[in-house]
Amino acid sequence: MSTQTIVGSPEQSFALSMRARERILGIASPIVLLAVWEGAARIGLIDTRFFPAPSSIFAVLIDMLRSGELISNTLVSLRRLALGTLIGGLPALVLGIAMGLNRWVRAIFDPLVAATYPIPKSAILPLALLIFGLGEGSKIFMVAIGVFFPVAINATTGVLEINRIYLDVGRNYKANRWKTFWTIALPGALPVIMTGFKLGIGIGLILIAIAEMIGAKSGLGYMIWTAWETFSVEQMYVGLFMIAIIGFVITVLLNELERLIIPWKRG
Amino acid sequence: MSASVSTLSAPLGGPEPEPHKARPAIRIRDLQKSFGKLAAIERISIDIRPGEFFMIVGPSGCGKTTLLRILAGLERATSGSIEIDTQAGSEQPENSMVFQGDSIFPWMTVWNNAAYGLRMRNAPAAVVKERVGHYLERTGLTRFADYYPHQLSGGMKQRVSIARAFANDPEILLMDEPFSALDAQNKLLLQEELLRIWDEQKKTVVFITHSVDEAVYLGDRIMVMTAQPGRVKSLVPVPLPRPRNIIELQKAPEFGELIAHIWSGLREEVQRAREQENDEAQQEKRDKSQQ
């Protein structure tokens with residue numbers, strides 16, 4: 001509301017052409033990079049043992065798509081990511097909002113969260129393997145723990161940052177606890193909570209790749225790891241490429257979801 | 001909890017000013033509120049009649065908002081009592097407040113904001129529809145029912161806040177400087193609108209303002225408060241006929257006299273409040289230089 005854009009036709013056409021130029025550059029830069037990479041690999045400027053030509057990576061990708069190996073590994077990783085996000089995110093949401101609303105809950109859990117948050121989540125993997133074994137449990141747990149902290153911390157912050165006057169309105173209009181949660185705390189904190197989920201899923205993606213490299217029989221992390229063991233560098237790049245695509249698509253989807261569930265947010 | 005009891009029966013003892021008249025809608029006795037050592041309000045005793053449009057004016061920081069927040073149940077008095085006369089078996093809520101500044105929920109549409117109080121007390125859908133529809137129409141917001149607050153002007157937001165309070169159908173309406181943030185033209189329009197809506201049912205209103213003009217336009221009676229700690233300085237009846245036309249009112253000679261009368265009392269208090277502020281600032285300066 002505070003910023004004003006002056007919309008006149010010369011400025012607008014200028015802005016449009018700027019945006020068009022940005023978009024063209026955005027598409028062109030990776031293409032140019034790939035072309036340079038391809039050329040450099042063909043004339044032997046770079047070591048193809050480490051940096052195989054994009055065309056050969058693409059060929060492997062097609063093979064792996066045909067065999068179904070790529071898709072099944074991707075689906076396995078996605079499933080773990082989704083379950084971990086739910087299992088870690090929902091309790092974090094409830095706990096975080098409760099901490100924001102109630103000073104006693106905050107007094108009890110704040111030190112616990114503050115003390116465990118700095119532990120590198122990847123360092124918990126051996127413990128997770130010990131407790132949950134080599135199956136799905138340990139992978140889902142790793143994602144859950146990665147999602148838990150940013151969501152819980154952001155939910156608390158989000159609720160604490162809600163303007164006090166809204167809580168006064170709730171009290172004056174006799175909203176009970178349950179209704180205060182649903183009509184004030186949750187929607188008021190939702191923008192900050194969404195940011196927490198975005199961060200959390202990003203961390204979850206890192207952790208799932210790590211978890212699948214150790215003691216797993218499937219998933220993109222496992223795929224990358226076996227590629228190292230069999231020294232098929234192209235397959236390794238295919239795995240990295242898939243993880244990048246997943247991260248990108250999730251970001252786009254979450255931005256869309258945000259626009260859908262937070263219609264009062266401007267822009 | 002002694003500070004905010006709602007009693008159905010007339011309380012025993014205590015002075016009953018005019019026993020043949022209806023019980024007061026709000027009966028405040030010896031009300032006191034301190035924040036630590038600081039006394040915000042002191043020895044406030046007033047009776048507010050049912051259907052009265054009761055105005056409170058006072059210098060800033062005199063505790064008028066504190067008084068209203070105690071009435072709203074958002075704050076507890078340190079001592080003294082408030083009795084609010086509610087009808088036996090009535091489902092009406094005791095009070096609804098129109099807050100100072102932006103208080104409508106940014107995440108709800110105009111309609112859902114106005115329906116908030118009714119929904120919180122689980123009013124039937126038909127009742128919600130009828131009452132919200134009515135008050136949105138009365139406040140000229142029908143067309144904007146599906147808008148979100150960020151799409152509205154300041155005046156429209158305050159209209160939503162008023163619609164929300166009226167739609168909730170409380171016994172008492174509490175208003176905390178609802179128009180203070182608006183420009184002069186919008187303020188005038190909303191004052192007139194408020195009077196028109198109020199005229200329908202003549203609910204008891206307790207209205208805080210720092211504007212003497214506003215107090216006289218709207219009120220049946222004006223309580224002038226002293227500088228901190230807030231006490232009752234004077235109670236001034238406003239004998240102007242209703243329905244009132246604010247523009248016409250300004251031409252009436254009684255209007256000017258009333259303003260002058262109230263302002264002369266208020267001026268001393270504003271002056272005193274200012275001196276207190278100066279003293280505090282100097283004290284702070286001294287404290288700092290000593291450190």
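The values are calculated or read from the model by the stated rules, or taken from the named source; none is laboratory data. Computed from a predicted model, the values in this text were never measured in an experiment. A quick note on method: Cβ atoms are made from the backbone with ideal geometry, for glycine too, and the neighbour counts reach across all protein chains shown.
Some observations on this one:
- Condition check for residue B:84: at pLDDT below 90, among the β-branched types (Val, Ile, Thr) and out of contact with any His (no Cβ under 9 Å at 6 or more places or on another chain): yes
- Enumeration of residues in the range B:234-263 that are closer than 13 Å to residue B:46 by Cβ and surrounded by 19 or more Cβ atoms within 10 Å (Cβ to Cβ): B:236
- Taken together, the criteria place residue A:127 among residues that are closer than 13 Å to residue A:145 by Cβ, of a type outside the set (Gly, Ala, Ser) and more than 23 Å from the chain's Cα centre (by Cα).
- Taken as a whole, the structure places residue B:174 among residues that are touching a strand residue (DSSP E or B) at 6+ places or on another chain (Cβ under 6 Å), surrounded by 16 or more Cβ atoms within 10 Å (Cβ to Cβ) and part of a strand (DSSP E or B).
- For the range B:83-135, a residue qualifies if it is over 21 Å from residue B:200 (Cβ atoms), in contact (Cβ under 8 Å) with a residue 12 or more places away in the chain and among the small types (Gly, Ala, Ser), and the qualifying residues are B:88, B:101, B:103.
- Out of A:34, A:25, sole residue that is over 25 Å from the mean Cα position of the chain (by Cα) and exposed (fewer than 11 other Cβ atoms within 10 Å of the Cβ): A:25
- Of all residues in the range A:206-245, those that are in contact (Cβ under 8 Å) with a residue 12 or more places away in the chain, closer than 16 Å to residue A:69 by Cβ and part of a helix (DSSP H, G or I) total 18.
- Qualifying positions in the range B:238-291 - of a type in the set (A, V, I, L, M, F, W, C) and assigned to a loop (DSSP other than H, G, I, E, B): B:238, B:240, B:252
- Residue B:163 being surrounded by fewer than 23 Cβ atoms within 10 Å (Cβ to Cβ) and part of a helix (DSSP H, G or I): no
- Residues that are more than 8 Å from chain A (Cβ to nearest Cβ) and of a type in the set (Ser, Thr, Tyr) were ranked within the range B:61-120; the one that is surrounded by the fewest Cβ atoms within 10 Å (Cβ to Cβ) is B:90.
- Every listed requirement among (1) more than 30 Å from residue A:261 (Cα to Cα); (2) part of a strand (DSSP E or B) is met by residue B:89 save one, (2).
- Within the range A:228-253, being closer than 30 Å to residue A:189 by Cβ and either surrounded by fewer than 16 Cβ atoms within 10 Å (Cβ to Cβ) or within 14 Å of another protein chain (Cβ to nearest Cβ) (or both) holds for A:247, A:248, A:249, A:251, A:252, A:253.
- For the range B:95-118, residues that are over 23 Å from the mean Cα position of the chain (by Cα) and in a helix (DSSP H, G or I) total 2.
- Every condition in (1) surrounded by 14 or more Cβ atoms within 10 Å (Cβ to Cβ); (2) part of a helix (DSSP H, G or I) holds for residue A:48 except the one numbered (2).
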